[in-house]
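One structure is given here, and the rest of the page talks about it.
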Amino acid sequence: MKKTYLWLLTMLLPLVGMMSSCSDDDLVFDHELPQFEIQDGKILLEVIVPQGTNASDEIYIVGAFNGGEETAVGNPQWALTKAEKTNLKWGVYLDPATFEPGTSLADGFWFVSVRDGREYDIAGNEAIHTDNPKTGTRTNIFASRWASYYGLGPNQGDEEGDEDEGDDSYVPYLDSETEVSVFFKAQSEGDYCIWVWGDLGGGEAYTTAAAWPGDMLELQGQDADGNYIYKWTCTVTDQIPANIIITNQTGGEEVARYYDGAAFMNHGMYSDAGADPEEITQVGKPSGGGKKAFEPYLDSETEVSAFFAADAEGEYYVWVWGDLGGGEAYTTAAAWPGDMMELQGTTADGKFIYKWTCTVTGEAPANIIITDQTGGAENARFYDGAAFMNHGLYNAAGEDPTEVTKVK
């Protein structure tokens, strides 16, 4: 027992020391510091790239000043270089003497990732910067997102470019939080109808069609798995019915019946598999126009990793420890707050999914802390020393993590 206490004390003292010696006000991350030396006669742009950018990616600066994408992409002269200490900051030196005649950075420029496409802003529009710094200076540029974040291919915007597979996949969403509606997921396209009843009476009190089999559900599109997603919205009343029947009326006759008198879940996603409905909470089209919702996955079954579902985009860090020692035995960052988690994408219900993968060892740690360090200060702490679940999906609500089992 004494050995156990001594071991815990040995592990916790360095962590406490690091946390107490660095106040929130003093916390500065590598990507916020200058990473490249200023050069005479050159414009230095230090670019904070979108989270999730691969360290091995190729990134280029593009604009009228260098002839556009066809000329710039692939030309080492316009390539960005990753900083040594962080994957989040890249730099490029520009010599105005090499610009196209009569042009400058003020004419507009943006960045292109060979893997993830051109740069976009947080509103989903193509980003354009107009900063026009002088030579012999350093300027920080913030790149919000790549095209891949919105489900767009690297060639998006190029008339000859092909869109990524699945770009047209549908993500279910509500037009209004107050609407009375349900969704239905089917493996094949058909004529699906809904009949409901409740306190107001029979189906005619809720559906526009007063007679059986009720209203036909409207096809919205196909999801990323190829399922056909249908939706019914009540236009007769704002009262929620109590019971539901969905039928397949393809060909003018009842082919199949689902949820025969089951309880009605408002905003529920029903399916032809008869599974319990899941509530749709996304209001309005998700980023990217309701396309390509992200579902967390593993790159390998044997990886050591953790996921975090955040309500807002930010800078989330993971600190872990276990049998091998403190955080430095598992994270690439040896000091608190540990490794920054990488943004993977946005789910159908608007959650931002972040991931951390251990690259130091194949051993899973025992405990975990996740913090929100957005803006350089600790804004929130989640799972303060909780047990580490390998492949676990943690969340901002602090609920028990669920295991991610899907492998890419």
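Looking at Trp90 and the list (1) farther than 20 Å from Ser144 by Cβ; (2) modelled with pLDDT of 90 or more; (3) not hydroxyl-bearing (Ser, Thr, Tyr), which single condition is not satisfied?
All conditions are met except number (1).
Has the stretch 320-328 got any residue that is open to solvent by 30 Å² or more (accessible area, probe 1.4 Å), over 27 Å from Val171 (Cβ atoms) and under 23 Å from the mean Cα position of the chain (by Cα)?
Scanning the stretch 320-328 turns up no residue that is open to solvent by 30 Å² or more (accessible area, probe 1.4 Å), over 27 Å from Val171 (Cβ atoms) and under 23 Å from the mean Cα position of the chain (by Cα).
Of the residues Asn395, Asn379, which single one is within 30 Å of Met269 (Cα to Cα), among the polar types (S, T, N, Q) and touching a residue at least 60 places away in the same chain (Cβ under 8 Å)?
Asn395 is the lone residue from the list that is within 30 Å of Met269 (Cα to Cα), among the polar types (S, T, N, Q) and touching a residue at least 60 places away in the same chain (Cβ under 8 Å).
Among the residues of the stretch 179-194, write down those that are within 26 Å of the chain's Cα centre (by Cα) and either of a type outside the set (A, V, I, L, M) or surrounded by fewer than 20 Cβ atoms within 10 Å (Cβ to Cβ) (or both).
Phe183, Phe184, Lys185
Step by step: first the residues of the stretch 199-221, then only those that are in a strand (DSSP E or B) and at negative phi, then the one that is most open to solvent (accessible area, probe 1.4 Å). Which residue is that?
Here the residue is Glu218.
Which of the residues that make up the stretch 222-247 are closer than 30 Å to Glu295 by Cα and open to solvent by 20 Å² or more (accessible area, probe 1.4 Å)?
Across the stretch 222-247, the qualifying residues are Gln222, Asp223, Ala224, Asp225, Gly226, Asn227, Tyr228, Thr233.
Could you list, in sequence order, all residues of the stretch 217-234 that are over 18 Å from Ala273 (Cβ atoms) and modelled with pLDDT of 90 or more?
Trp232, Thr233, Cys234
Cβ contacts < 6 Å: first residue closer than 13 Å to Glu279 by Cβ, restricted to the stretch 163-186; second residue modelled with pLDDT under 85 and surrounded by fewer than 18 Cβ atoms within 10 Å (Cβ to Cβ), any location; separation 6+ or different chain. Result?
Short answer, once both residue conditions are applied: Tyr173/Lys285; Leu174/Val283; Glu177/Val283.
Specify which of the listed residues (Asp260, Asp276) is surrounded by fewer than 13 Cβ atoms within 10 Å (Cβ to Cβ), in a loop (DSSP other than H, G, I, E, B) and either modelled with pLDDT of 90 or more or touching a helix residue (DSSP H, G or I) at 6+ places or on another chain (Cβ under 7 Å) (or both).
When all the criteria are applied, what remains is Asp276.
Please go through the stretch 49-77 and pick out each residue that is aliphatic (A, V, I, L, M) and either more than 24 Å from Ile353 (Cα to Cα) or at pLDDT 90 or above (or both).
Passing the criteria: Ile59, Ile61, Val62, Ala64, Ala72, Val73.
All but one of (1) surrounded by fewer than 21 Cβ atoms within 10 Å (Cβ to Cβ); (2) out of contact with any Gly (no Cβ under 8 Å at 6 or more places or on another chain) hold for Tyr270, so report the exception by its number.
(1) is the only condition that Tyr270 fails.
Can you work out which of the residues in the stretch 242-257 that are among the β-branched types (Val, Ile, Thr) and more than 16 Å from Thr207 (Cβ to Cβ) is modelled with the highest pLDDT?
Once the filter is applied, the top-ranked residue is Val255.
Could you please find all residues in the stretch 383-397 being open to solvent by less than 60 Å² (accessible area, probe 1.4 Å) and over 19 Å from the mean Cα position of the chain (by Cα)?
Tyr383, Gly385, Ala386, Phe388, Asn390
Only one of these conditions is not met by Lys408: (1) modelled with pLDDT of 95 or more; (2) open to solvent by 10 Å² or more (accessible area, probe 1.4 Å). Which number is it?
It fails just one condition, (1).
Identify the single condition in (1) open to solvent by 60 Å² or more (accessible area, probe 1.4 Å); (2) free of Cβ contacts under 8 Å to residues at least 60 places away in the same chain; (3) closer than 18 Å to Tyr270 by Cβ that Val255 does not satisfy, given that it satisfies every other one.
(2)
The values are calculated or read from the model by the stated rules, or taken from the named source; none is laboratory data. This one's a predicted model, so the numbers in the text were calculated from it and none came from an experiment. Positions of Cβ are backbone-derived with ideal geometry, glycine not excepted, and every protein chain shown enters the neighbour counts. Surface accessibility is based on the protein's heavy atoms, side chains included, excluding ligands, DNA and RNA. Shrake-Rupley method; radii C 1.70, N 1.55, O 1.52, S 1.80 Å.
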